[in-house]
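Here is the structure we will look at.
None of the figures in this text is laboratory data; all of them are computed from the coordinates on show. Owing to the predicted nature of the structure, the values given are computational and were not obtained by experimental measurement. Methodologically, a virtual Cβ is constructed for each residue, glycine included, from the backbone with ideal geometry; neighbour enumeration extends over all protein chains shown.
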Amino acid sequence: MSGICIVGIGNGGCKVVDRLAGAIGGPSLVAINTDARALSASRATTKIQIGANRTDGLGTGGDVDIGKRSAEDEGSVIKNLFSDVNLAMIVACLGGGTGSGSAPVVVKAAREAGATTLCLAMLPFKFEGNDQREQADHALAQLRGLAHVLIVVPNDRLSELVGDRSVAETFDGVNEVLASAVGGIFKLITQPGYLALDLANLEKALQETGGVGTLAYGEGTGPERVRKTVESLLVGPLVEGGRVIADARSLLVSIMGGPDLGLKDVGDVMKAVEAKARQDCHIVMGTAIDDALRDKLSVIIVASEEKPEASEEPEPPQIPEATHAVEKTGRGKKKGQTRPEQGQLGLGPADKGRFKGVDPTILDGEDLDIPTYLRRRLNVER
Amino acid sequence: MAIPPVVALEIGTSKVVALVGEMREDGHIVITGMGEHESTGVRKGEIVDLQNAALCVRSALGAAEETGKVTINQVHVAVSGGHIQALINSGEVPVIDPAGRISRDDVDAVMNVAEALNLPPDREMIHTLCQHFRVDNQEGVIDPEGLVGAKLALNMLLVHGVRARLHNVINVVKSVPLEVSDAAFGGWCSALAVLTPNQKRDGAIVVDLGGGTTDYVAYSDNVVAAAGVLGVGGDHVTNDIGLAFKIPTAQAERLKRESGSAVFDPATGSKQVVIPAEGGFQGRTVHLKALHTVVNARVDEILVMIRKRLDKESVLHHIGAGVVLTGGGARLHGVVRLAEKIFDLPCSVGKPINVSGLAVVTEGPEYATCSGLVQYGFQESDDGEAGSSILNKFLGFFKG
């Protein structure tokens with residue numbers, strides 16, 4: 001179906017789009033980045049390098065202002081992207097310079113071109129530091145006023161989903177989950193099953209809370225797929241152990257399965273969701289059938305949290321030594337015995353090399369012993 | 001000989017250096033002896049293994065004794081580490097004289113007030129450096145004695161660190177066994193070694209890119225305007241390279257020195273370097289572009305963090321003379337160009353210009369800290385520059 005385009009902005013956003021390149025056909029996939037090398041490696045159908053004369057093609061180095069100006073420089077090119085587009089799905093990792101700076105510019109351009117804008121904004125990991133966090137919050141506030149639908153994905157919640165792995169693997173895992181979710185929403189809109197769900201429903205479901213939703217994703221395979229899906233979906237870290245679902249004012253549930261998706265499966269999923277949700281929760285549901293999903297079930301929930309602001313609890317002041325102690329004990333024991341502090345990414349020792357075992361250098365909440373290229377998500381040809 | 005030689009010791013993360021300095025009659029300092037040993041037992045500028053560190057110190061001092069033809073009994077030590085911080089504290093006192101003439105007593109009184117800061121119990125003062133005096137509303141007074149006013153105020157830059165970590169350095173020296181005459185912040189020592197009087201006046205930043213830490217000091221208007229340490233250094237660059245390409249530390253270090261660059265060189269194209277097999281390592285090739293990406297990211301991050309800090313402290317716009325890079329990291333290819341871009345200021349590699357003698361020392365940015373420490377040692381005995389080390393107090397306790 002024409003009229004839909006998926007745009008990845010910055011290194012994080014572009015990686016999600018890359019993953020989609022092989023997975024779904026149909027929409028035009030666009031990568032927008034300041035980093036020329038990352039862009040040249042991208043599998044997107046359309047690639048737009050922005051800010052070439054501001055950054056020498058090297059990325060913004062975290063500078064939001066450069067990210068913003070870089071996108072503005074290419075304003076007409078970006079706007080042209082959306083000339084025949086009904087729905088623009090825009091994926092950006094907030095926190096970095098390109099994502100935070102140019103996402104609002106791109107969303108605005110899409111909106112001005114007449115497209116409905118659905119923006120997936122990923123928030124940085126806590127270990128990426130307070131600076132990133134501040135930049136992300138700032139960008140988020142801007143996107144809130146711009147995008148028709150804004151879905152917020154805190155990476156910290158995703159990281160628990162992908163488990164206790166090294167930083168590089170965690171980023172990969174997170175990208176994979178996000179790509180599944182974006183692909184899922186795309187399929188939901190373009191390949192309706194029993195119950196079609198269109199963008200108008202999505203918008204309506206999110207309207208009450210100013211168009212901001214939290215994304216939850218779960219999947220399962222095999223005969224037990226319904227139970228597995230529901231488990232990973234409803235109690236997983238993405239929904240903060242179910243709190244997000246329980247607090248949601250409205251839920252949009254999209255269920256995707258293969259041709260073997262039964263009505264009973266749909267009913268079971270919905271029953272489980274309803275049991276978790278508030279009584280007065282407004283639930284909208286849709287299904288999609290995808291031949292590729294035979295024997296598999298995947299469910300996306302977009303939850304509108306009642307107080308999107310309050311859901312991000314203020315963090316206690318960062319005390320490096322203390323945090324480290326908690327992290328250490330958490331890592332040393334067997335998985336599951338001690339949960340790492342909320343938001344702490346379980347880092348494998350391999351990520352710190354010769355600095356494992358020494359006091360970490362933590363500045364503004366950022367662990368500087370982890371290689372910069374990993375934290376900046378640079379592409380390094382190995 | 002009127003003034004005994006000063007021995008400066010730096011127990012760095014990558015090397016331990018000892019320098020013997022003698023002051024000629026004209027006041028010029030000559031480096032007459034030197035000893036150096038690869039450092040083990042230090043990470044990020046802090047001692048993690050006392051015994052190994054002491055072995056390295058003994059070996060470096062032994063060589064310094066031999067080349068300098070001296071017997072070393074006591075040393076000045078340089079301290080660094082991410083725990084070291086600086087802050088500005090101001091004090092104000094009423095002028096005693098009814099006529100308002102400021103006396104030496106008033107100056108001493110305001111210095112006492114300005115340096116009286118209650119540090120957390122685990123911290124120790126390293127330096128109290130006078131910035132500018134203010135007489136009533138007159139800012140920027142350098143010497144207030146004899147001026148007239150009702151109130152005398154003073155800003156002081158207080159440099160402090162975690163006591164236990166500072167004492168680790170001193171304990172290593174004591175276990176050698178040697179006496180510690182004094183301790184000084186390594187970053188400041190580097191600035192003393194490489195800056196000209198004009199640079200101090202016009203404003204300059206010295207960034208010492210060490211193995212374990214990056215120390216920085218900003219001078220403006222002849223006073224230290226800001227100082228600090230990042231617990232990130234050349235070791236991190238090496239570690240990043242090792243992790244990125246899965247090569248052992250020794251090879252990563254060599255790769256950094258021989259082929260690393262802080263900026264991208266268009267001439268690199270798609271060139272590769274071969275890292276030969278060695279020991280258990282099977283060898284591999286690395287794309288130069290990828291190597292430079294890894295190095296650039298880390299060095300860029302370090303320099304940007306320092307720029308941000310100095311910007312926050314409103315120091316940057318007082319810098320007229322530019323940025324001077326010292327430490328072993330100053331030898332990294334492209335680092336001057338990167339620093340110029342980041343600070344938007346002229347930038348150069350600093351060599352110890354304020355001493356003469358052994359060429360290896362006066363030509364090497366990596367010897368800036370230790371040469372500066374020699375200067376500091378002579379200033380101390382001379383009580384030249386304001387801002388003597390408070391460490392003396394607890395050193396006295398240890399000597400006891």
Handout entry: Net charge of neighbours whose Cβ lies under 15 Å from the Cβ of A:Arg69, counting Lys and Arg as +1 and Asp and Glu as -1
Key = -3
Completion exercise
At q = 0.19, 0.28 1/Å the base-10 log of I(q)/I(0) from the Debye formula over the alpha-carbon atoms of the range A:72-138 is -0.70, -1.12
Practice task
For the range A:212-305, report the convex hull volume of the alpha-carbon atoms normalised per residue, in Å³, without decimals.
Solution key: 79
Completion exercise
Scaled by the rule-of-thumb 2.2 N^0.38 Å, the alpha carbon Rg for the range A:4-190 gives a ratio of 0.92
Completion exercise
Over the Cα atoms of chain B the radius of gyration and the largest Cα-Cα distance (Dmax), both in Å, equal 22.0, 82
Exercise for the section: Using a 10 Å Cβ count of at most 16 others and DSSP loop calls, identify the longest part of chain B lacking such trypsin sites (Lys or Arg not before Pro). Expected result: B:70-245
Handout entry: Under 5 Å, built H, 5+ apart or other chain: amide partners of A:Thr214
Key = A:Val152, A:Ala303, A:Ser304, A:Glu305
Exercise for the section: Enumerate the amide H contacts of A:Thr116 below 5 Å, restricted to partners 5 or more residues apart or on another chain; note that Pro and chain-start residues carry no placed amide H. Expected result: A:Leu87, A:Ala88
Completion exercise
Note, the range B:76-85: 3J(HN,Hα) by Karplus (6.51, -1.76, 1.60, θ = phi - 60°), whole Hz, Gly/Pro = x, goes 9, 10, 9, 10, 8, x, x, 7, 7, 9
Exercise for the section: Could you work out how far helix B:234-245 tilts from the main Cα principal axis of chain B, as a 0 to 90 degree angle to the nearest 10? Expected result: 30
Fill in the blank from the handout: Helix B:368-382 sits off the longest principal axis of the Cα atoms of chain B, rounded to the nearest 10 on a 0 to 90 degree scale, by 20
Practice task
Putting +1 on Lys and Arg Cβ atoms and -1 on Asp and Glu Cβ atoms, find which of B:Leu19, B:Leu255, B:Val141 reaches farthest to the positive end of the dipole of the protein assembly as shown.
Solution key: B:Leu255
Practice task
Just rank B:Thr196, B:Thr362, fewest to most, by other beta-carbon atoms within 10 angstrom.
Solution key: B:Thr196, B:Thr362
Problem - Highest-fluctuation residue, B:Thr326, B:Thr128, B:Thr293 considered, GNM on chain B with Cα pairs under 10 Å - result: B:Thr293
Practice task
Please go through the residue pairs A:Lys352/B:Lys15; A:Lys47/B:Lys308; A:Lys47/A:Lys108; A:Lys47/B:Lys256; A:Lys15/A:Lys352 and name each one whose alpha carbons sit more than 27 Å apart in this structure.
Solution key: A:Lys47/B:Lys308; A:Lys47/B:Lys256
Completion exercise
So the compactness index of the protein assembly as shown, its C-alpha Rg divided by 2.2 N^0.38 Å, takes the value 1.09
Exercise for the section: Would you order B:Ile72, A:Ile9 from fewest to most other beta-carbon atoms within 10 Å of each residue's own beta-carbon? Expected result: B:Ile72, A:Ile9
Practice task
State the Cα centre-to-centre distance between the range B:268-325 and the range B:56-109 in whole Å.
Solution key: 33
Practice task
Within the range A:25-134, report the trypsin sites (Lys or Arg not before Pro) that DSSP leaves as loop and that have at most 12 other Cβ atoms within 10 Å.
Solution key: none
Handout entry: Choice from B:Gly269, B:Gly211, B:Gly280 showing the highest fluctuation, given a GNM over chain B with Cα pairs closer than 10 Å
Key = B:Gly280
